[in-house]
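Rule-based calculations on the coordinates, nothing more; no lab input. Quick caveat: nothing in here was measured; it's all calculated off a predicted structure. As a convention, Cβ positions derive from the backbone with ideal geometry for all residues, glycine included, and neighbour counts pool all protein chains shown.
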Amino acid sequence: MGSLVGHVAPGCGFLLIGLWHFFNHIRLFSVRPKSYVAPPWFPSPLLRHLELILIILGSLASISMELVIGPEKHEPFDDDGTIPSNHLHNFEHASISLTFLIYAAFTIYFDRIKIKERDAMSQFLGAIAFAQQLLIFHLHSADHMGVEGQYHWLLQTVIAISLATTLLNIPFPKSIMVSFVRSVSIAFQGIWFIVMGIMLWTPSLIPKGCYLNIEEDHQVVRCHTTEALHRAKSLVNIQFSWYMTGTVVLAILGYVYLTKLYPEEPDYLPLVRKTDEDDDDLEMRKLGN
């Protein structure tokens, strides 16, 4: 994950899943607000479990890149079978992908066997995946003091919101605001991953007074002076603020547009039309009595 592609690729995945959930939650609520219940995932018209299958494939690709394809010797372990220090972050990233793979695989299994409370169980596994993601990034082996660390600190706030709203979806499945915030937070995770990858590994976008330095087979942004480091961190904070504000504005506009695009379905009451035969039957019963 410590590269431009390693951040942009998962970022696109989070962004697509977030937008998919955002669209479907609002459409479902707009059409039937009284009976709305938030599902943990949405079937695709092409293939019922397409969303979950893509999560599994993306997780497998991430694990393969981190542990097999990415390392120079295509081997994550050292010659003596231990984990070398320059591969610790690979195992950390692979652990995150593993929990998302487990979430998607068990959710498909729950749906196939039709167990009770399968939606709540899937939400619980989703919360575990976000908790694992938050824990790994909080205790990341990468440098927390530099520019990359500042990006990761801000990312943790978004992951915490995804975790909290996923847990809240279990006791409050009928709350559209919980689903709304959860979908936006997942999409914003994707946006921030993409921004992080582009800003940290594009030489022309490195802040003034800083440079890319290769450390343990990993490119890291370093700054010549403390003043340049503080300036770079401040620029990261400003970026986060702007992207968050833009995402919130677009999310609200999207909500308004979708609620107008999908108006509420009217409640229909079953109407039974009496026929002449029904009247004749009623008269016959009266005469019989």
> Between Ser64 and Ala164, how many nm apart are label points set 7 Å from Cα along the C-beta direction?
Replying inline: 3.8
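Could you work out how much longer the chain between Leu57 and Met145 gets when fully extended? Use 0.36 nm per residue separation minus the Cα distance between them, nm to one decimal. Walk me through the numbers on the way to the answer.
Values: separation 88, 0.36 × 88 = 31.68 nm, distance 3.34 nm.
Here the segment from Leu57 to Met145 would lengthen by 28.3 nm.
What is the chain's relative contact order, in percent, from Cα pairs under 8 angstrom and six or more apart in sequence? Numbers along the way, then the final one.
Details: 327 pairs, mean separation 77.2, N = 289.
Relative CO of the chain lands at 27 percent.
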> Which entry in (1) 23.5; (2) 21.7; (3) 20.0 matches Kirkwood radius over Cα pairs in Å derived from the coordinates of this structure?
Replying inline: (2)
> Each label point is 7 Å from the Cα along the Cα-to-Cβ direction; what then is the distance between the points at Ser234 and Gln156, in nm?
Replying inline: 2.3
> Between Val249 and Arg48, what FRET efficiency follows from the Cβ-Cβ distance if R0 is 41 Å, with the result rounded to 0.05?
Replying inline: 0.75
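Using the Cα centre as the reference, give the magnitude of the dipole from point charges on the C-beta atoms of the chain (Lys, Arg: +1; Asp, Glu: -1; all else neutral), rounded to the nearest 20 debye. Spell out each step's value before the answer.
Working: 20 positive and 27 negative charges, 157 e Å.
Value, rounded to 20: 760 debye.
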> When the chain is modelled as a GNM with alpha-carbon springs shorter than 10 Å, which of Ser30, Ser234, Ser162 fluctuates the most?
Replying inline: Ser234
> What Cys residues in the chain have no fellow cysteine's beta-carbon under 4.7 angstrom?
Replying inline: Cys12
> Tell me, how many Å apart are the Cα centres for segment 63-132 and for segment 179-205?
Replying inline: 21
>> With a 10 Å cut-off between alpha carbons and a GNM built on the chain, which of Leu98, Leu15, Leu47 moves the most?
In response: Leu47
> Once whole DSSP H runs in the chain are found, which of them have Cα atoms spread over 20 Å or more along the helix axis and a mean Kyte-Doolittle score of at least -0.5?
Replying inline: 4-31, 50-64, 88-113, 118-138, 147-168, 176-200, 226-261
> Based on the Cβ-Cβ distance of Lys34 and Ile198, what FRET efficiency does E = 1/(1 + (r/R0)^6) give at R0 = 51 Å, to the nearest 0.05?
Replying inline: 0.70
>> With the crude spin-label approximation of a point 7 Å out along Cα→Cβ, what separation in nm comes out for Asp78 versus Glu265?
In response: 6.2
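Within segment 70-131, report the trypsin sites (Lys or Arg not before Pro) that DSSP leaves as loop and that have at most 14 other Cβ atoms within 10 Å. Write down the numbers at each step before the final one.
Numbers: sites: Lys73, Arg112, Lys114, Lys116, Arg118; in loops: Lys73, Lys114, Lys116.
Sparse-neighbourhood loop trypsin sites (Lys or Arg not before Pro): Lys73, Lys114, Lys116.
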